[in-house]
1. Ranked highest first by average number of other Cβ atoms within 10 Å, how do 44-54, 10-20, 28-38 line up?
2. Report the calculated FRET efficiency for Leu13 and Gln34 (r = Cβ-Cβ distance, R0 = 35 Å), to the nearest 0.05.
3. Enumerate the calculated ³J(HN,Hα) couplings along region 104-110 in order (Karplus 6.51 cos²θ - 1.76 cosθ + 1.60, θ = phi - 60°), each rounded to whole Hz, writing x wherever the residue is Gly or Pro.
4. In Å and from the alpha-carbon atoms only, list the Rg and Dmax of the chain.
5. Give the calculated FRET efficiency between Val136 and Leu111 to the nearest 0.05, with a Förster radius of 25 Å applied to their Cβ-Cβ distance.
6. Label point 7 Å out from Lys129 along Cα-to-Cβ: which residues of region 1-29 have amide N under 16 Å?
7. So what's the projected area for region 86-129, the Cα convex hull averaged over all directions, in nm²?
8. Using θ = phi - 60° and the Karplus form 6.51 cos²θ - 1.76 cosθ + 1.60, what ³J(HN,Hα) does each residue of region 38-52 get, whole Hz, x for Gly and Pro?
Amino acid sequence: MRFRFRFETLLRLRRQEEEMIRHELAQAMAEWEQLTEKITRARLELKEEMERLKGNLLWAQEVQDLGLGLDSRLANIENLEETRRQLVRKIEETRERLIEASKRRKILERLRERDLLAFRKEQEALWQKEIDELVVLRHGREEGHERV
């Protein structure tokens, strides 16, 4: 007889759920990396622009235009930072979901191991019973031949 775990379908679903969440977490972390690089580049570009303008004499209109451009860049960096903070919250939530999914899967895997162990013990007992019966039958036949 072959072992069949009564919750095999549920265990398979739990594994799939965990893998899906793990994939979602990996995507969010990759997105965080890209966003962090984008923020770093934007800050570096802003710093380089400020350094470039330091020694230049500018007309009033140029100063106003530059101010608007710098304000726009700063606002963009702040927006990127806010997006990154939201992404960090999403990553934390996804990690929590992954931990919970992993716990649910592990519970079923432990139950499966216990059931498998019980099944093996039961099989071993059945095999031992069959062996004992064969020994008794053989012993009975041998005694029958001796009496004749």
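Bear in mind that the values in this text are calculations on the coordinates, not laboratory data. Note that the structure is a prediction, hence the values are computed from the model and not measured. We place every Cβ from the backbone using ideal geometry, glycine too, and count neighbours over all the protein chains shown.
1. On the way: 44-54: 11.1, 10-20: 15.3, 28-38: 13.5.
Peptide ranking by packing, descending: 10-20, 28-38, 44-54.
2. The calculated FRET efficiency here is 0.65.
3. Values, residue by residue: 4, 5, 5, 4, 5, 5, 5 Hz.
4. Cα radius of gyration and Dmax of the chain are 35.5, 131 Å respectively.
5. Working: r = 37 Å, r/R0 = 1.50.
Efficiency, rounded to the nearest 0.05: 0.10.
6. Residues passing the 16 Å test: 1-2.
7. Details: hull surface 10.9 nm².
Mean orientational projected area (region 86-129, Cα hull): 2.7 nm².
8. Result, rounded to whole Hz: 5, 5, 4, 4, 5, 5, 5, 4, 5, 5, 4, 5, 5, 4, 5.
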